[in-house]
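Peer 1: Below is the structure I would like to discuss, written out as C-alpha cells.
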Amino acid sequence: MTTCTHLNQMREVKPSARGCEDCLRIGDAWVHLRLCKTCGHVGCCDSSKNKHATKHFHQTEHPIIKSHEPGEEWGYCYVDDAFFESL
Ligand SMILES: [Zn+2]
Ligand SMILES: [Zn+2]
Ligand SMILES: [Zn+2]
C-alpha cells in the first residue's frame, strides 16, 4: 500500500531530451534513464555515476519519476520512498 500524496503533481509531460540532458551537456554517459513526471526532465538513475534524476529532485522538489527505459512502466516517489508498479 502506498500513501503517496504527490500523484496530483504528475503532468502529461514530454521528455526533454533523448538521453540524460545533464549528461549530454557535459558529454558523460549514463546507465538508465528516468523521466520527471512533473516537468519532463530526463535524468540518469542512481546506478549512473552522476545520478542526475536524484539531483533534479533535490534541486526542484519534483517528487515523482518514471522509468524512461523501453517497456518499463514503474515509477517512484522520492519524498515517500514509494515504488509504483506502473504509472
Ligand atoms: Zn509521494
Ligand atoms: Zn546524467
Ligand atoms: Zn522535474
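The values are calculated or read from the model by the stated rules, or taken from the named source; none is laboratory data. Everything numeric here is computed off the predicted structure, so don't read it as measured data. Cβ atoms come from the backbone with ideal geometry, glycine included; neighbour counts cover every protein chain shown. To get the accessible areas, we keep the full protein, side chains included, count just its heavy atoms, and leave off ligands, DNA and RNA. Shrake-Rupley method; radii C 1.70, N 1.55, O 1.52, S 1.80 Å.
Peer 1: Would you kindly calculate the mean projected area, averaged across all directions, of the convex hull enclosing the Cα atoms of the chain, in square nanometres? Intermediate results must be reported in sequence, preceding the final value.
Peer 2: On the way: hull surface 21.5 nm².
Mean projected area of the Cα convex hull: 5.4 nm².
Peer 1: Going 7 Å from the Cα of residue 84 along its beta-carbon direction, which residues of region 10-51 have the amide nitrogen within less than 13 Å of the resulting point?
Peer 2: Only 10-13, 35-39 pass the distance filter.
Peer 1: How high is the relative contact order of the chain, in percent, counting Cα pairs under 8 Å that sit 6 or more residues apart? Provide the component values of the computation, followed by the final result.
Peer 2: Values: 173 pairs, mean separation 21.7, N = 87.
Relative contact order here is 25 percent.
Peer 1: Let me ask another. On the accessible surface of the chain, probed at 1.4 Å, how many percent belong to carbon and sulfur atoms?
Peer 2: Numbers: 2620 of 5390 Å².
Whole-percent figure for carbon plus sulfur exposure: 49.
Peer 1: Excluding residue 39 itself, calculate the net charge of residues whose Cβ lies under 13 Å from the Cβ of residue 39, where each Lys or Arg counts +1 and each Asp or Glu counts -1.
Peer 2: Numbers: positive: 11, 14, 34, 37, 66; negative: 12, 21, 61.
With Lys, Arg at +1 and Asp, Glu at -1, the neighbours total +2.
Peer 1: Is it possible to state the helix-based mean residue ellipticity at 222 nm for the chain, with each DSSP H run of 4+ residues giving -39500 (n - 2.57), the sum divided by total residues, to the nearest 500 deg cm²/dmol? What is it?
Peer 2: Details: 2 runs with 15 residues, N = 87.
Taking each H run of at least 4 residues, the total per residue is -4500 deg cm²/dmol.
Peer 1: Between residue 29 and residue 55, how many nm apart are label points set 7 Å from Cα along the C-beta direction?
Peer 2: Inter-label distance under the simple model: 1.8 nm.
Peer 1: Further question: Accessible area per residue of the chain at 1.4 Å probe, in Å²? Each step should come with its number before you reach the end.
Peer 2: Numbers: 5390 Å² over 87 residues.
Here the residues of the chain average 62 Å² of exposed surface.
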